[in-house]
Protein chains: 2
Amino acid sequence: MASQKPALPKGMRDFSPEQMAKRQYLFDTIQEVFKRYGYQPIETPTMEKLSTLTGKYGDEGDTLLFKVLNSGDFLKKAKHLEDYKTLTNEISEKGLRYDLTVPFARYVVQHQHEIQFPFKRYQMQPVWRADRPQRGRYREFYQCDADVVGSDSLLNEAELLMMADTVFTKLGLEVEIRLNNRKILQGLAEKIQAPEKMIALTVAIDKLDKIGWEGVSKELEEQGFTKEAIAEVYIFIQRKAEGLSFLKLFFEGNAVAHQGIAEMEEVLEPIEAFIPINNIVIDPVLARGLSYYTGCIYEIQATKHTMGSIGGGGRYDELTAIFGLKGVSGVGISFGVERIYDLLEVQGNFPEHLGQSTQVLFAVFDKDTQHFCMPIARRLRDRNIATEVYPDLQRIKKQFDYANKRDIPYVIVIGSEEMKTGKLTFKNMKTGEQQQLTEDEIISFMLETRTKKN
Amino acid sequence: MASQKPALPKGMRDFSPEQMAKRQYLFDTIQEVFKRYGYQPIETPTMEKLSTLTGKYGDEGDTLLFKVLNSGDFLKKAKHLEDYKTLTNEISEKGLRYDLTVPFARYVVQHQHEIQFPFKRYQMQPVWRADRPQRGRYREFYQCDADVVGSDSLLNEAELLMMADTVFTKLGLEVEIRLNNRKILQGLAEKIQAPEKMIALTVAIDKLDKIGWEGVSKELEEQGFTKEAIAEVYIFIQRKAEGLSFLKLFFEGNAVAHQGIAEMEEVLEPIEAFIPINNIVIDPVLARGLSYYTGCIYEIQATKHTMGSIGGGGRYDELTAIFGLKGVSGVGISFGVERIYDLLEVQGNFPEHLGQSTQVLFAVFDKDTQHFCMPIARRLRDRNIATEVYPDLQRIKKQFDYANKRDIPYVIVIGSEEMKTGKLTFKNMKTGEQQQLTEDEIISFMLETRTKKN
């Protein structure tokens, strides 16, 4: 085989041990909170039938799906060799997971008779999108979702917000949770006499942060909203910061909006005691793009950095209907783990020494000393203290270098003197301090050090 | 969207919460042992360039690679619309990971200047093969590898065998580790005057278990080995159980075989104190298919069930050479996690109540009692005790059913009486026993129960 310069496809990443340690810290933190609230993990396969995926993410989404070539002579059944779009369906039946929501909906329908409802599940798996790669955007990235299906109760929304608050508190990130309800937006569409244009209205005001009122009003005009309607939307946006009391007045006599307001109040009631109240902001303009939401919606942003949304979710009443199961309501939250990772990195919020896996290195002079330390290493390992015996017979300096570069905090040096006396040279690599200790003393010290750390 | 009956592509699997709990137990057990020995995790992406993968797994392997269709108008550059084999390379540049070894070799070469050698890494990720699915064989399955590169020391082999022994002891599986060295097989090829036919010889005697001596001798004949050579191989196979002392005699004056024997002795020396000696068997006929091995090789089998190999590995001297990095020796071990999972299932070796995630369920009568228990639930959750509050207002019987089906061991019932007195009804779901306890008493009890379990 000819030698070749190794490289990855664009938009793909390797994760080094240091990155893995940070990613595992982040994933574990989130997972621990999911578990505390009774959410259970599932996994779905990387490949789904294209018929499961296609048409669920809009036209653009369909073009961003990675498609897998059929095995064997895929041309046998191909008839449209002139048009790649038609040919795609003839030579490819499978695609890579594009998000976790559609596979989850498929899972619930397929396994509905084994599932105990209400079903609280979480999923942390990679997804793939053939997007143009750019800084911070990859073609393979992890998503991290928790959803409960089969329960209408707004207690679920309340618990999901508490979970988000706990996760970000643990990670040391200050966030703001913006809360709204799709019924408010529906009420607004009704109030301006355009109930059938609720989606267009939502899409337009969703852009307020990006294009300002001027842009939004222009878009509303183009979408055929009347001058009066646009004026009413302007008042709504102007006064949105006044909160629930304003909404109640503004929507007087509007049943659907008042339903939305009542739902928000019901979500807030059980959590007021737990989440600092200024961390939750009622934002009646919050729309969230995805059209399947029907009730409460929320979005999380870091307060110290403008990085866009780092989490969000909401209630969807008919998610599983696309796979034939009707009347099953669901509500969920999604953590933008790749962005949260970047944020923790930028703010220096990862705990120190995360990459410090090995605690003790035995530095050795020859095969005799190497074999001498094996039972001691074993005793440490049996107590779950990560231990390495330097495998090669190199100069001691090189072995110390290895310990420093790997951030190993303690090195035990074994030479012929140490073998005779049983007193081992035990060196703290951070302070440089060196002691002569017996095997038992070293083990006690390491166990104590671990206890202190935990 | 029209409703569609959900299904998975063939050979693909969903994992339910119960299966996930078992898989995580298995993966965590192995991972913990890897970490104890200083191995660190890495991850490589799902997709690699086809140029990285093709030609590394033999002709059959190439046909089993899943290939990803190029994005956009993939036909633009296509010229060979009549031949699917040629066309494949014109419309597909990426493939799915087929194993963990080739991506790891690519990783080492690509990141050689950031890596601290000796580099001990582990990887637990899914791989994909377009094999015909059958019982126990899937098109997506996990592999679990630990390798060290950049060290010639046979201490690595010794430690890898100790790791395997610890993993299977923890899992409660009785296994036999068969040990050999490729240099023995090379010595045999030299001894029978056919040094250039070492691969053909290895391939043939590797089949001894399956096709018996008759089959092996026939294959050797077909491969052009002489009658004398075949007779010599027969003696070798007949007396293989006699171990190292026989090998030393048989290979008298054969330098390469004696090198292999010496290496096996060096591997065994440091581990004899740790692994029961009858769990390691010298098997000079063990060949292991993959041709990149150059030194020690080993294979692990369960003693109570014939299930084929559930682990194995060996030393390869020039793995990274295919990507241009020469002279870097490596040695590794691979755990057949899917087969080990099946074995634990068959033998009933999974610990009980693995799927028992939630410890406490609050059963409630109305919204008032639901809100009343939120602070108590929060106190339990803050102490990392998985707790659920039943979200919907259903009959108590239904809430108890939910607890039973989810294997939740304790239920707290809150009604108006409980809210008044502060004495909560605390029910042990296994014994049916019911007590009236205060909030503090319940928390103390749950913390004690957890301590006892750990």
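Quick one: putting +1 on the C-beta of Lys and Arg, -1 on the C-beta of Asp and Glu, what dipole do you get for the protein assembly as shown around its Cα centre, in Debye to the nearest 20?
With only Lys, Arg, Asp and Glu charged at Cβ, the dipole is about 480 debye.
Within the stretch B:1-61, the percentage of alpha carbon pairs spaced more than 19 angstrom apart rounds to 67%. Take B:Asp368, push a point 7 Å out from Cα through the beta-carbon direction, and compare it with the same point in every other copy: 8.3 nm, smallest first.
Stokes-Einstein diffusion of the stretch B:1-128 at 20 °C, 1.002 mPa s viscosity, Kirkwood radius from Cα pairs, rounded to a whole number: 119 µm²/s. Only protein heavy atoms count here; under a 1.4 Å probe, A:Glu338 has an accessible surface of about 20 Å².
Taking the Cα centre as origin and putting +1 on Lys and Arg beta-carbons and -1 on Asp and Glu beta-carbons, what dipole magnitude results for the stretch B:75-171, to the nearest 20 debye?
That gives the stretch B:75-171 a dipole magnitude of about 600 debye.
Structural descriptor for the stretch A:47-96: relative contact order 53 percent, calculated from alpha carbon pairs under 8 angstrom and at least 6 residues apart. Charge tally around B:Gly212: other residues with Cβ under 12 Å, Lys/Arg +1 each, Asp/Glu -1 each, net 0. Counting Cα-Cα pairs of the stretch A:229-282 in 10 Å increments starting at 0 gives whole-percent bin shares of 21, 49, 25, 6.
In this rough spin-label picture, where each label sits 7 Å from Cα along the Cβ direction, the B:Glu176-A:Lys207 distance is 7.2 nm. Taking 10 °C and 1.306 mPa s as the conditions, I'd like the Stokes-Einstein D for the protein assembly as shown in µm²/s, using the Kirkwood hydrodynamic radius from alpha carbon pairs. Rounded, D is 51 µm²/s.
Computed extension length for A:Lys452-A:Asn384: 23.0 nm, one decimal, from 0.36 nm per residue of separation with the Cα-Cα distance subtracted. In the stretch B:261-379, the alpha-carbon atoms span a convex hull of 249 Å³ per residue.
Hey, could you grab the Kirkwood Rh for the stretch B:132-278? Inverse mean 1/r over distinct alpha carbon pairs, Å, one decimal.
With all distinct Cα pairs of the stretch B:132-278 included, I get 17.7 Å.
Dividing the mean sequence gap of close Cα pairs (under 8 Å, 6+ apart) by how many residues chain B holds gives a relative contact order of 14 percent.
Just check the stretch A:134-175 against the gyration tensor rule for me: Cα atoms, a ≥ b ≥ c as the square roots of the eigenvalues, rounded for a/c under 1.5, and otherwise prolate or oblate depending on whether a/b exceeds b/c.
On the way: a/c = 3.71, a/b = 1.48, b/c = 2.51.
Oblate.
Note on the stretch B:360-412: Cα convex hull, mean projected area over all directions, 3.3 nm². When the inverse distances between all different Cα atoms of chain B are averaged and flipped, the Kirkwood radius reads 26.3 angstrom.
Among A:Ser92, A:Ser51, what's the order by accessible area (1.4 angstrom probe), most exposed first?
Sorted by accessible area, descending: A:Ser51, A:Ser92.
For the stretch B:47-96, the fraction of alpha-carbon pairs lying more than 16 Å apart is 38 percent, rounded to a whole number.
Take each residue of peptide B:379-390, count the partner chain Cβ atoms within 10 Å of its Cβ, and average: the result is 4.
According to the Kirkwood relation over distinct C-alpha pairs, the hydrodynamic radius of the stretch A:138-220 is 16.1 Å. Note down the nm distance, to one decimal, between modelled labels 7 Å out along Cα→Cβ at A:Glu439 and at B:Glu345. Between A:Glu439 and B:Glu345, the label points sit 4.3 nm apart. In this structure, the pairs whose alpha-carbon distance is over 22 Å, taken from A:Lys35/B:Lys452; B:Lys430/B:Lys452; A:Lys5/A:Lys398; B:Lys22/B:Lys405, are A:Lys5/A:Lys398. Taking a Cβ cut-off of under 15 Å around A:Pro103, the surrounding Lys, Arg, Asp and Glu residues balance to a net charge of +1, with basic ones at +1 and acidic ones at -1. Counting lysine pairs in the stretch B:153-260 whose alpha carbons fall under 19 angstrom apart, excluding pairs fewer than 8 residues apart on the same chain, gives 17. Report the antiparallel proportion of the DSSP beta bridges in the stretch B:360-453 as a percent, rounded to a multiple of 5. Roughly 50 percent of the DSSP beta bridges within the stretch B:360-453 come out antiparallel. Other residues within the sphere of radius under 12 Å centred on the Cβ of A:Ala403, judged by their own Cβ, net out at +3 (K and R +1, D and E -1). Heavy-atom accessible area with a 1.4 Å probe sorts B:Met124, A:Met307, A:Met47, largest first, into A:Met307, B:Met124, A:Met47. Computed with every protein chain present, the accessible area of B:Glu82 is close to 140 Å² [probe 1.4 Å].
Using the Cα coordinates of the stretch B:360-453, the gyration tensor eigenvalues translate into equivalent-ellipsoid semi-axes of 18, 16, 13 Å, sorted from longest to shortest.
As a test, work out the antiparallel percent of DSSP beta bridges whose residues both lie in the protein assembly as shown, rounded to the nearest 5.
Details: 101 of 127 bridges.
Taking every DSSP beta bridge with both residues in the protein assembly as shown, the antiparallel ones total about 80 percent.
Using the Cα gyration tensor of the stretch B:90-152, with a ≥ b ≥ c the square roots of its eigenvalues, what is the shape: rounded (a/c below 1.5), prolate (a/b larger than b/c) or oblate (neither)?
The shape class here is oblate.
Span-like helix check, chain B: qualifying full DSSP H segments, with Cα axial length of 15 Å or more and mean Kyte-Doolittle of 0.5 or more, are B:155-171, B:227-238. Estimate the FRET efficiency between A:Ser51 and B:Arg13 by the formula 1/(1 + (r/R0)^6), using the beta-carbon distance for r and 25 Å for R0, to the nearest 0.05. That gives a FRET efficiency of 0.85.
The values are calculated or read from the model by the stated rules, or taken from the named source; none is laboratory data. Being a predicted model, the structure only gives us computed values, none of them experimental. Here Cβ is always computed from backbone atoms with ideal geometry, including for glycine, and neighbour counts include all displayed protein chains. Ligands, DNA and RNA are excluded from the accessible area calculation, which covers all protein heavy atoms including side chains. Shrake-Rupley method; radii C 1.70, N 1.55, O 1.52, S 1.80 Å.
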